[in-house]
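Have a look at the structure below, then the notes.
The values are calculated or read from the model by the stated rules, or taken from the named source; none is laboratory data. Computed from a predicted model, the values in this text were never measured in an experiment. Every residue, glycine as well, gets a Cβ built from its backbone with ideal geometry; the counts of neighbours run over all protein chains shown. Areas reflect the complete protein model, heavy atoms only, side chains present, ligands, DNA and RNA absent. Shrake-Rupley method; radii C 1.70, N 1.55, O 1.52, S 1.80 Å.
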Amino acid sequence: MVSSLQSSVGTERKVLTDIPGPKSQALHQRRQAVVSAGLTVGFPVYIERAEGAILVDVDGNQLLDMGSGIAVTGIGHAVPALVDAVSEQVARFTHTCFMVAPYESYVEVCEELARLTPGTFAKTSALFNSGAEAIENAVKVARLATGRSAIVVFEHAYHGRTNLTMALTAKNMPYKDRFGPFAPEIYRVPMSYPYRDELSGAEAAERAIKIIETEIGAHNVAALLIEPIQGEGGFVVPADGFLPALSKWTTDHGVVFIADEIQSGFCRTGDWFAVEHEGVIPDLVTTAKGLAGGMPLAGVTGRAELMNAVHEGGLGGTYGGNPVAAAASLATIRTLRERNLVARARELGEIMLANLRDLQRDVAVIGDVRGRGAMIAMEFVEPGTKTPNAAAVKAIISHCQQEGVVALSCGTFGNVIRLLPPLIISDEQLADGLSVLGAAVRAVK
Ligand SMILES: Cc1ncc(COP(=O)(O)O)c(C=O)c1O
């Protein structure tokens with residue numbers, strides 16, 4: 001069965017039917033009867049298999065994946081090393097619960113996390129199932145270790161959809177609306193957003209720190225939680241110097257610096273972790289998504305004295321660090337290393353930035369092109385202004401979908417298109433995707 005699924009899909013985008021095709025439409029009908037309407041329908045095609053950077057739908061259309069399932073499948077789909085590792089682990093055992101009967105792969109993933117995350121000090125980790133769960137646990141650790149309760153987060157932040165992480169997330173619609181009351185002791189301060197605030201990193205940091213000190217009090221703050229490049233909020237890349245200034249302030253005041261690398265980590269930005277770009281060393285790092293190539297796995301990694309401050313039994317969960325997910329993670333990390341995908345992410349970034357900046361010169365709706373490595377975005381505006389243009393984004397995404405290219409939107413104002421291709425995408429595939437995207441942008445009036 002596994003080997004028949006591995007028959008070659010090929011590497012080309014092919015649109016054979018209307019999008020969505022008849023089989024996808026039929027599945028969509030079935031879905032409506034039984035799947036909650038609360039889940040977004042971004043692209044109503046149903047996937048039957050995938051390989052490399054190509055998704056094949058139930059109608060046989062071959063779609064070019066420029067989103068990696070929201071920054072998850074960095075190593076590509078159906079990578080033989082991952083298929084073998086997962087299949088072998090499933091055949092050996094699927095679950096014991098690490099707290100009941102432990103196994104080596106969990107320890108190995110934690111060894112890798114200690115090696116790969118920035119900082120040469122002793123680190124320990126705990127593994128979970130989702131990004132939100134990792135964030136929740138990082139906050140638990142920071143509060144316990146400091147004996148303080150306030151958590152500082154940023155405008156445009158996204159940290160998840162559980163009750164605590166909704167409180168940490170900035171945008172109301174669709175993530176938070178009418179789901180409250182939310183967890184207390186969360187304080188939001190302005191982010192460095194160079195395109196919109198035009199501040200240097202130092203100025204933006206000073207603005208944020210002033211608010212923290214006057215409105216919260218440094219001695220009340222357990223942790224400062226930040227995405228080094230914001231994901232859902234619009235691929236906001238803070239001005240140089242912003243993260244180092246915040247990091248220094250946290251060190252000076254005994255505040256735990258938590259880097260949420262759930263979207264930006266695991267080679268995505270051309271470094272293993274986005275904080276490395278400016279030499280920032282977080283106290284705790286949260287990871288998920290690209291950590292395990294599509295299997296659900298998340299981690300909190302950090303200074304041993306913080307992580308080990310927790311009493312025995314204080315962290316855990318039934319499935320966290322599940323052996324199948326751990327095997328997938330080890331295969332993923334091996335693949336990232338062997339194929340030097342950190343370097344490939346940088347190349348992809350250069351190609352995408354050059355292409356999109358050329359496009360920006362030709363059209364009036366692109367206000368900003370930004371990002372690092374294979375995490376690149378365009379912010380759309382009304383021509384001649386900085387007024388967000390979400391309508392343009394909707395039209396462009398829809399055009400791309402009709403042509404068989406999977407592209408994602410994001411942004412507090414819904415006016416950003418983000419590109420998160422699998423890091424193994426070929427030059428030809430990337431050129432094809434960018435050409436479809438370019439035509440879609442040019443078609444916007
Ligand atoms: C930066 C960041 N943090 C946290 C999360 C939440 O992760 P999950 O959806 O696995 O709970 C996400 C998900 O998009 C994210 O991008």
Over 25 Å between alpha carbons, listed pairs Lys386/Lys445; Lys14/Lys289; Lys123/Lys289; Lys140/Lys248; Lys176/Lys289; Lys123/Lys171: Lys14/Lys289; Lys123/Lys171
Considering only DSSP beta bridges where both residues belong to segment 209-367, give the percentage that are antiparallel (nearest 5). 35 percent
Cβ-Cβ cut-off under 15 Å around Gln29, Lys and Arg +1, Asp and Glu -1: the net charge is +2
Carbon/sulfur accessible area of the chain, % of total, 1.4 Å probe, equals 54 percent
Would you mind checking the radius of gyration and Dmax of segment 129-202 based on alpha-carbon positions, in Å? 13.6, 38
Selection from Ala50, Val369, Ala245 lying farthest towards where the dipole of the chain points positive, charges on Cβ: Ala50
Pairs of alpha carbons in segment 61-150 whose separation is greater than 15 Å (percent): 76 percent
Alpha carbon Rg of the chain, scaled by the compact-globule rule 2.2 N^0.38 Å: 0.96
May I ask what percent, to the nearest 5, of DSSP beta bridges between residues of the chain are antiparallel? 65 percent
Output needed: percent of Cα pairs per 5 Å distance bin for segment 228-281, bins running from 0 to the one holding the longest distance. 4, 20, 28, 26, 15, 5, 1
What GluC sites (Glu not before Pro) in segment 271-319 are in a loop by DSSP, with at most 15 other Cβ atoms within 10 Å of the Cβ? Glu312
Pull up the cross-link candidates among the aspartates and glutamates for Lys23, meaning alpha carbon to alpha carbon under 16 Å and not fewer than 8 places away within one chain. Glu48, Asp57, Asp59
With each run of n ≥ 4 DSSP H residues scored as -39500 (n - 2.57), what mean residue ellipticity at 222 nm is computed for the chain after dividing by its residue count and rounding to the nearest 500 deg cm²/dmol? -11500 deg cm²/dmol
Can you pull the Rg over Rh of segment 357-445, Cα-only, Kirkwood? 0.94
Segment 281-380 - Kirkwood radius from inverse mean 1/r over Cα pairs (Å): 16.7 Å
Please compute the Cα-Cα pair-distance distribution of segment 292-344 with 5 Å bins starting at 0, giving whole percents from short to long. 4, 17, 18, 18, 18, 14, 7, 3, 1
Taking the Cα centre of segment 1-102 as origin, sum charge times position over the Cβ atoms of Lys and Arg (+1) and Asp and Glu (-1), and report the length of that vector in debye to the nearest 20. 240 debye
Semi-axes of the equivalent ellipsoid for segment 218-342, please: Cα gyration tensor eigenvalues, times 5, square-rooted, ordered largest first, whole Å. 25, 21, 12
Average Cα contact separation per residue, the chain, under 8 Å, 6 or more apart, as relative contact order %: 21 percent
Contour minus Cα-Cα span, Glu215 to Ala309, at 0.36 nm per residue, comes to 31.0 nm
Hydrodynamic radius by Kirkwood, which averages 1/r over all alpha carbon pairs of segment 149-280, in angstrom: 14.9 Å
